[in-house]
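The values are calculated or read from the model by the stated rules, or taken from the named source; none is laboratory data. On a predicted model such as this, the values are computed, not experimentally measured, just so you know. When we count neighbours, we look across all protein chains shown, and the Cβ atoms used for this are built from the backbone with ideal geometry, even at glycine. Each accessible area value is taken on the protein alone, full model and side chains, heavy atoms only, with ligands, DNA and RNA left out. Shrake-Rupley method; radii C 1.70, N 1.55, O 1.52, S 1.80 Å.
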Amino acid sequence: MSLKNLFSSKKPVISFEIFPPNKASSINTIYKTIDNLAVLNPDYISVTYGAGGSLVDNKTIEIASIIKNQYNIEPLAHLTCVTSTKKDINYVLEKLQENNVENILALRGDLPEDDSFEFPNPLHFTYASDLINHIKNNKDFCIAAACYPEAHIDCKDLNTDLKNLKNKVDIGVDFLITQLFFDNKFYYDFEKRARALDIKTPIEVGIMPVVNKKQIERIVKLCGASLPEKFIKIMNKYENNPEALKDAGIAYAVEQIVDLLSSGVSGIHIYTMNKPDIAKRIVDSIYSIVKAIERSN
Ligand code: FAD
(Lines give C-alpha, C1' and ligand atoms only; values in the text may rest on other atoms or scores of the structure.)
Protein backbone atom coordinates (compact mmCIF):
# COMPACT_ATOMS: atom_id res chain seq x y z
CA MET A 1 0.00 0.00 0.00
CA SER A 2 1.15 3.48 -0.79
CA LEU A 3 1.55 5.34 2.51
CA LYS A 4 0.37 8.61 0.97
CA ASN A 5 -3.20 7.23 1.20
CA LEU A 6 -2.98 7.25 5.00
CA PHE A 7 -2.98 11.03 5.03
CA SER A 8 -6.40 11.31 3.45
CA SER A 9 -7.98 9.42 6.37
CA LYS A 10 -9.46 11.22 9.40
CA LYS A 11 -7.13 9.58 11.88
CA PRO A 12 -3.71 11.11 12.61
CA VAL A 13 -1.00 8.78 11.31
CA ILE A 14 1.02 7.11 14.09
CA SER A 15 4.24 5.46 12.95
CA PHE A 16 7.54 4.19 14.35
CA GLU A 17 11.17 4.30 13.25
CA ILE A 18 13.53 1.41 13.99
CA PHE A 19 17.16 0.79 13.01
CA PRO A 20 18.81 -2.47 11.89
CA PRO A 21 20.87 -4.36 14.49
CA ASN A 22 24.60 -3.56 14.38
CA LYS A 23 27.01 -5.68 12.35
CA ALA A 24 27.92 -7.92 15.30
CA SER A 25 24.26 -8.82 16.01
CA SER A 26 22.14 -11.27 14.10
CA ILE A 27 19.18 -9.95 12.11
CA ASN A 28 17.00 -12.16 14.35
CA THR A 29 17.33 -9.68 17.22
CA ILE A 30 15.01 -7.32 15.33
CA TYR A 31 12.06 -9.75 15.59
CA LYS A 32 11.58 -9.04 19.29
CA THR A 33 11.46 -5.30 18.58
CA ILE A 34 8.97 -5.70 15.73
CA ASP A 35 6.85 -8.19 17.73
CA ASN A 36 6.43 -5.62 20.49
CA LEU A 37 5.80 -2.72 18.13
CA ALA A 38 3.34 -4.66 15.95
CA VAL A 39 0.88 -5.10 18.85
CA LEU A 40 0.65 -1.29 19.10
CA ASN A 41 -0.97 -1.23 15.64
CA PRO A 42 1.23 1.38 13.95
CA ASP A 43 0.17 2.75 10.56
CA TYR A 44 3.66 1.92 9.32
CA ILE A 45 7.21 1.21 10.53
CA SER A 46 10.24 2.87 8.95
CA VAL A 47 13.71 1.30 8.85
CA THR A 48 16.83 3.48 8.80
CA TYR A 49 19.62 3.04 6.26
CA GLY A 50 23.25 2.96 7.38
CA ALA A 51 25.20 5.50 5.36
CA GLY A 52 28.12 4.18 3.35
CA GLY A 53 27.52 0.53 4.28
CA SER A 54 28.03 -2.40 1.95
CA LEU A 55 25.01 -3.26 -0.16
CA VAL A 56 25.49 -6.96 0.48
CA ASP A 57 25.26 -6.51 4.29
CA ASN A 58 22.54 -3.95 4.04
CA LYS A 59 19.84 -5.02 6.46
CA THR A 60 17.30 -2.29 5.65
CA ILE A 61 15.89 -4.18 2.67
CA GLU A 62 15.65 -7.43 4.64
CA ILE A 63 13.96 -5.81 7.66
CA ALA A 64 11.53 -3.81 5.50
CA SER A 65 10.67 -7.09 3.78
CA ILE A 66 10.10 -8.85 7.13
CA ILE A 67 7.78 -6.03 8.26
CA LYS A 68 5.78 -6.26 5.04
CA ASN A 69 5.70 -9.97 4.34
CA GLN A 70 5.76 -11.51 7.84
CA TYR A 71 3.90 -8.88 9.89
CA ASN A 72 1.61 -7.43 7.21
CA ILE A 73 2.57 -3.92 8.31
CA GLU A 74 3.53 -1.31 5.71
CA PRO A 75 7.26 -0.53 5.82
CA LEU A 76 8.96 2.71 4.82
CA ALA A 77 12.53 1.93 3.74
CA HIS A 78 15.01 4.78 4.27
CA LEU A 79 17.52 5.16 1.44
CA THR A 80 20.52 7.52 1.39
CA CYS A 81 22.34 8.42 -1.81
CA VAL A 82 25.37 10.67 -1.29
CA THR A 83 27.85 7.78 -1.18
CA SER A 84 26.05 5.70 -3.82
CA THR A 85 26.32 5.26 -7.56
CA LYS A 86 23.27 4.86 -9.79
CA LYS A 87 24.08 1.18 -10.02
CA ASP A 88 23.96 0.83 -6.19
CA ILE A 89 20.67 2.68 -5.98
CA ASN A 90 19.14 0.69 -8.83
CA TYR A 91 20.11 -2.51 -7.02
CA VAL A 92 18.29 -1.38 -3.84
CA LEU A 93 15.22 -0.25 -5.81
CA GLU A 94 15.02 -3.63 -7.56
CA LYS A 95 15.35 -5.52 -4.27
CA LEU A 96 12.67 -3.38 -2.60
CA GLN A 97 10.30 -4.02 -5.48
CA GLU A 98 11.01 -7.76 -5.44
CA ASN A 99 10.02 -7.73 -1.74
CA ASN A 100 6.83 -5.70 -2.31
CA VAL A 101 8.14 -2.67 -0.42
CA GLU A 102 6.34 0.29 -1.97
CA ASN A 103 7.50 3.23 0.15
CA ILE A 104 10.89 4.95 0.33
CA LEU A 105 12.17 7.79 2.51
CA ALA A 106 14.57 9.35 -0.02
CA LEU A 107 17.53 11.02 1.70
CA ARG A 108 20.86 12.55 0.81
CA GLY A 109 22.56 11.14 3.94
CA ASP A 110 25.18 12.93 6.01
CA LEU A 111 28.46 13.75 4.30
CA PRO A 112 31.19 11.33 5.44
CA GLU A 113 33.89 12.98 7.58
CA ASP A 114 36.58 11.07 5.69
CA ASP A 115 38.93 13.66 4.05
CA SER A 116 39.10 11.64 0.84
CA PHE A 117 35.34 11.97 0.31
CA GLU A 118 34.65 14.22 -2.64
CA PHE A 119 31.46 16.34 -2.57
CA PRO A 120 29.87 16.72 -5.01
CA ASN A 121 31.08 13.47 -6.55
CA PRO A 122 30.29 13.15 -10.29
CA LEU A 123 29.62 9.41 -9.84
CA HIS A 124 27.23 9.89 -6.93
CA PHE A 125 23.99 11.70 -6.19
CA THR A 126 24.46 15.17 -4.69
CA TYR A 127 21.13 15.97 -3.02
CA ALA A 128 18.02 14.05 -2.01
CA SER A 129 16.25 15.82 -4.89
CA ASP A 130 18.57 13.98 -7.36
CA LEU A 131 17.58 10.65 -5.81
CA ILE A 132 13.88 11.56 -5.93
CA ASN A 133 14.21 12.55 -9.58
CA HIS A 134 15.97 9.25 -10.35
CA ILE A 135 13.31 7.16 -8.58
CA LYS A 136 10.46 9.10 -10.23
CA ASN A 137 11.97 8.60 -13.68
CA ASN A 138 12.55 4.89 -13.27
CA LYS A 139 10.17 3.30 -10.78
CA ASP A 140 6.81 3.60 -9.12
CA PHE A 141 7.29 4.17 -5.37
CA CYS A 142 5.52 6.36 -2.83
CA ILE A 143 8.24 8.82 -1.83
CA ALA A 144 8.73 10.51 1.54
CA ALA A 145 11.47 13.06 2.28
CA ALA A 146 13.02 14.74 5.33
CA CYS A 147 12.44 18.33 6.47
CA TYR A 148 13.98 20.42 9.21
CA PRO A 149 11.94 22.78 11.46
CA GLU A 150 15.15 24.44 12.68
CA ALA A 151 16.77 24.28 9.19
CA HIS A 152 19.21 21.57 8.13
CA ILE A 153 22.53 21.80 9.99
CA ASP A 154 24.51 22.57 6.79
CA CYS A 155 22.08 25.38 5.95
CA LYS A 156 21.47 27.44 9.05
CA ASP A 157 19.25 29.82 7.11
CA LEU A 158 15.69 28.52 7.18
CA ASN A 159 14.62 30.52 4.12
CA THR A 160 17.23 28.89 1.89
CA ASP A 161 16.53 25.48 3.36
CA LEU A 162 12.80 25.96 2.70
CA LYS A 163 13.48 26.92 -0.93
CA ASN A 164 15.55 23.74 -1.32
CA LEU A 165 12.72 21.81 0.33
CA LYS A 166 10.19 23.31 -2.09
CA ASN A 167 12.37 22.19 -5.01
CA LYS A 168 12.59 18.66 -3.55
CA VAL A 169 8.83 18.46 -2.94
CA ASP A 170 7.96 19.73 -6.42
CA ILE A 171 9.93 16.90 -8.03
CA GLY A 172 7.46 14.48 -6.49
CA VAL A 173 7.41 13.96 -2.72
CA ASP A 174 4.24 12.39 -1.30
CA PHE A 175 4.79 13.30 2.35
CA LEU A 176 7.42 14.77 4.64
CA ILE A 177 8.80 13.68 8.02
CA THR A 178 10.47 16.23 10.27
CA GLN A 179 13.75 16.05 12.06
CA LEU A 180 13.34 15.81 15.86
CA PHE A 181 12.79 19.02 17.83
CA PHE A 182 12.08 19.74 21.48
CA ASP A 183 10.23 23.03 21.21
CA ASN A 184 6.99 22.93 19.21
CA LYS A 185 7.22 26.61 18.35
CA PHE A 186 9.97 25.77 15.82
CA TYR A 187 7.55 23.40 14.09
CA TYR A 188 4.63 25.83 14.00
CA ASP A 189 6.81 28.57 12.51
CA PHE A 190 8.32 26.13 9.97
CA GLU A 191 4.90 24.82 8.93
CA LYS A 192 3.53 28.33 8.43
CA ARG A 193 6.50 29.29 6.26
CA ALA A 194 6.38 26.04 4.29
CA ARG A 195 2.66 26.49 3.54
CA ALA A 196 3.33 30.11 2.52
CA LEU A 197 5.76 28.72 -0.09
CA ASP A 198 2.93 26.53 -1.35
CA ILE A 199 4.36 23.30 0.05
CA LYS A 200 1.08 21.41 0.38
CA THR A 201 2.44 17.94 1.15
CA PRO A 202 1.31 16.27 4.42
CA ILE A 203 3.93 16.69 7.13
CA GLU A 204 4.43 14.04 9.79
CA VAL A 205 6.16 15.24 12.92
CA GLY A 206 9.19 13.29 14.18
CA ILE A 207 9.38 13.04 17.99
CA MET A 208 12.18 11.47 19.99
CA PRO A 209 11.50 10.45 23.59
CA VAL A 210 14.76 11.10 25.39
CA VAL A 211 15.86 8.56 27.95
CA ASN A 212 19.63 8.94 27.86
CA LYS A 213 21.48 12.24 28.28
CA LYS A 214 24.68 11.22 26.47
CA GLN A 215 22.73 9.80 23.53
CA ILE A 216 20.72 12.97 23.03
CA GLU A 217 23.83 15.15 23.30
CA ARG A 218 25.41 13.07 20.51
CA ILE A 219 22.29 13.28 18.31
CA VAL A 220 21.82 17.00 18.87
CA LYS A 221 25.47 17.62 17.91
CA LEU A 222 24.81 15.82 14.62
CA CYS A 223 21.49 17.44 13.75
CA GLY A 224 21.72 20.85 15.45
CA ALA A 225 18.34 20.75 17.27
CA SER A 226 18.05 23.24 20.15
CA LEU A 227 17.46 22.12 23.71
CA PRO A 228 15.00 24.29 25.65
CA GLU A 229 15.85 25.27 29.22
CA LYS A 230 13.11 23.11 30.78
CA PHE A 231 14.41 20.11 28.82
CA ILE A 232 18.01 20.68 29.96
CA LYS A 233 16.79 20.99 33.55
CA ILE A 234 15.18 17.53 33.35
CA MET A 235 18.28 15.96 31.75
CA ASN A 236 20.58 17.42 34.40
CA LYS A 237 18.34 16.56 37.32
CA TYR A 238 17.85 12.87 36.44
CA GLU A 239 20.93 11.97 34.38
CA ASN A 240 22.11 9.49 37.05
CA ASN A 241 18.69 7.94 37.65
CA PRO A 242 17.70 6.02 34.49
CA GLU A 243 14.15 5.22 35.65
CA ALA A 244 13.38 8.83 36.60
CA LEU A 245 14.96 10.09 33.37
CA LYS A 246 12.86 7.63 31.37
CA ASP A 247 9.65 8.80 33.09
CA ALA A 248 10.58 12.45 32.52
CA GLY A 249 11.64 11.88 28.87
CA ILE A 250 8.39 10.06 28.06
CA ALA A 251 6.30 12.73 29.82
CA TYR A 252 8.11 15.43 27.84
CA ALA A 253 7.49 13.65 24.51
CA VAL A 254 3.81 13.06 25.39
CA GLU A 255 3.35 16.75 26.26
CA GLN A 256 4.84 17.71 22.87
CA ILE A 257 2.64 15.19 21.04
CA VAL A 258 -0.61 16.22 22.79
CA ASP A 259 0.04 19.85 21.84
CA LEU A 260 0.89 18.91 18.23
CA LEU A 261 -2.16 16.66 17.81
CA SER A 262 -4.40 19.33 19.33
CA SER A 263 -3.02 21.75 16.76
CA GLY A 264 -4.03 19.43 13.93
CA VAL A 265 -0.79 17.81 12.69
CA SER A 266 -1.26 15.00 10.16
CA GLY A 267 0.79 12.45 12.02
CA ILE A 268 3.39 11.57 14.63
CA HIS A 269 6.50 9.55 13.76
CA ILE A 270 8.11 8.19 16.92
CA TYR A 271 11.86 7.64 16.85
CA THR A 272 11.67 4.50 19.00
CA MET A 273 15.43 3.82 19.21
CA ASN A 274 14.33 0.13 19.12
CA LYS A 275 12.70 0.49 22.56
CA PRO A 276 9.10 -0.76 22.17
CA ASP A 277 8.32 -0.34 25.90
CA ILE A 278 8.79 3.41 25.49
CA ALA A 279 6.71 3.50 22.29
CA LYS A 280 3.98 1.60 24.17
CA ARG A 281 3.88 4.08 27.03
CA ILE A 282 3.53 6.95 24.55
CA VAL A 283 0.86 5.25 22.45
CA ASP A 284 -1.12 4.33 25.60
CA SER A 285 -0.94 7.93 26.84
CA ILE A 286 -2.39 9.38 23.63
CA TYR A 287 -4.95 6.67 22.87
CA SER A 288 -8.09 8.65 23.82
CA ILE A 289 -6.74 11.79 22.19
CA VAL A 290 -6.23 10.04 18.84
CA LYS A 291 -9.72 8.53 19.12
CA ALA A 292 -11.27 11.92 19.98
CA ILE A 293 -9.63 13.52 16.91
CA GLU A 294 -10.80 10.65 14.72
CA ARG A 295 -14.40 11.11 15.93
CA SER A 296 -14.44 14.89 15.65
CA ASN A 297 -13.19 15.01 12.04
P1 FAD B 1 18.79 17.24 1.21
O2 FAD B 1 17.35 17.45 1.08
O3 FAD B 1 19.58 16.94 -0.02
O4 FAD B 1 19.41 18.53 1.92
C5 FAD B 1 20.76 18.51 2.42
C6 FAD B 1 21.30 19.93 2.46
O7 FAD B 1 21.51 20.40 1.13
C8 FAD B 1 20.37 20.94 3.13
O9 FAD B 1 21.17 21.86 3.82
C10 FAD B 1 19.66 21.60 1.93
O11 FAD B 1 19.22 22.93 2.24
C12 FAD B 1 20.79 21.59 0.89
N13 FAD B 1 20.31 21.55 -0.48
C14 FAD B 1 19.33 20.76 -0.99
N15 FAD B 1 19.22 20.95 -2.32
C16 FAD B 1 20.16 21.86 -2.65
C17 FAD B 1 20.55 22.46 -3.88
N18 FAD B 1 19.96 22.15 -5.03
N19 FAD B 1 21.57 23.37 -3.86
C20 FAD B 1 22.19 23.69 -2.71
N21 FAD B 1 21.86 23.14 -1.51
C22 FAD B 1 20.86 22.24 -1.49
N23 FAD B 1 20.52 9.54 7.63
C24 FAD B 1 20.98 8.30 7.37
O25 FAD B 1 22.18 8.11 7.09
N26 FAD B 1 20.14 7.20 7.39
C27 FAD B 1 18.83 7.33 7.68
O28 FAD B 1 18.10 6.33 7.70
C29 FAD B 1 18.29 8.63 7.98
N30 FAD B 1 16.99 8.81 8.27
C31 FAD B 1 16.50 10.09 8.47
C32 FAD B 1 15.12 10.25 8.73
C33 FAD B 1 14.60 11.52 8.95
C34 FAD B 1 13.11 11.69 9.19
C35 FAD B 1 15.46 12.66 8.93
C36 FAD B 1 14.91 14.03 9.21
C37 FAD B 1 16.82 12.49 8.70
C38 FAD B 1 17.36 11.21 8.45
N39 FAD B 1 18.72 10.99 8.20
C40 FAD B 1 19.20 9.74 7.94
C41 FAD B 1 19.66 12.14 8.22
C42 FAD B 1 19.84 12.78 6.81
O43 FAD B 1 20.45 11.85 5.96
C44 FAD B 1 20.70 14.01 6.98
O45 FAD B 1 20.00 15.01 7.67
C46 FAD B 1 21.33 14.56 5.69
O47 FAD B 1 22.40 15.44 6.08
C48 FAD B 1 20.38 15.36 4.81
O49 FAD B 1 19.52 14.55 4.13
P50 FAD B 1 18.30 15.19 3.26
O51 FAD B 1 17.69 14.08 2.54
O52 FAD B 1 17.49 16.06 4.11
O53 FAD B 1 19.17 16.10 2.25
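Just a few scattered comments:
- Range of Cα positions in the chain per principal axis (Å), largest first: 48, 44, 43
- Cross-link partners for Lys59 among the lysines, with Cα-Cα distance under 22 Å and sequence neighbours closer than 8 places in the same chain left out: Lys23, Lys32, Lys68, Lys86, Lys87, Lys95, Lys139, Lys275.
- Contact order normalised by residue count of segment 210-297, Cα under 8 Å, 6+ apart, percent: 28 percent
- Cα gyration tensor shape for segment 1-131, rounded if a/c is under 1.5, else prolate or oblate: prolate
- Per residue, the accessible area of the chain comes to 48 Å², computed with a 1.4 Å probe over protein heavy atoms only.
- Shape of segment 180-297 from the C-alpha gyration tensor: oblate (a/c of 1.5 or more and a/b not above b/c, with a ≥ b ≥ c the square roots of its eigenvalues).
- Point-to-point label distance, Lys156-Thr126, nm (Cα→Cβ direction, 7 Å offset): 2.4 nm
- Beta bridges per DSSP with both ends in the chain, % antiparallel, nearest 5: 5 percent
- With all protein chains in place and a 1.4 Å probe, the accessible surface of segment 3-296 carries 48 percent carbon and sulfur.
- Positive-end residue of Asn58, Asn36, His152, charge dipole of the chain with Cβ unit charges: Asn36
- Sorting 27-34, 129-136, 65-72 by average packing, meaning the other beta carbons within 10 Å per residue, from highest down gives 129-136, 65-72, 27-34.
- Between segment 1-28 and segment 223-297, the C-alpha centres lie 17 angstrom from each other.
- Leading residue at positive end of dipole, the chain (Cβ point charges), from Asn164, Pro242, Ile104: Pro242
- Contact order for the chain, expressed relative to its length and based on alpha carbon pairs under 8 Å spaced 6+ residues apart, stands at 21 percent.
- Estimated purely from DSSP H runs of n ≥ 4, each contributing -39500 (n - 2.57), the mean residue ellipticity at 222 nm for the chain is -14500 deg cm²/dmol once divided by its residues.
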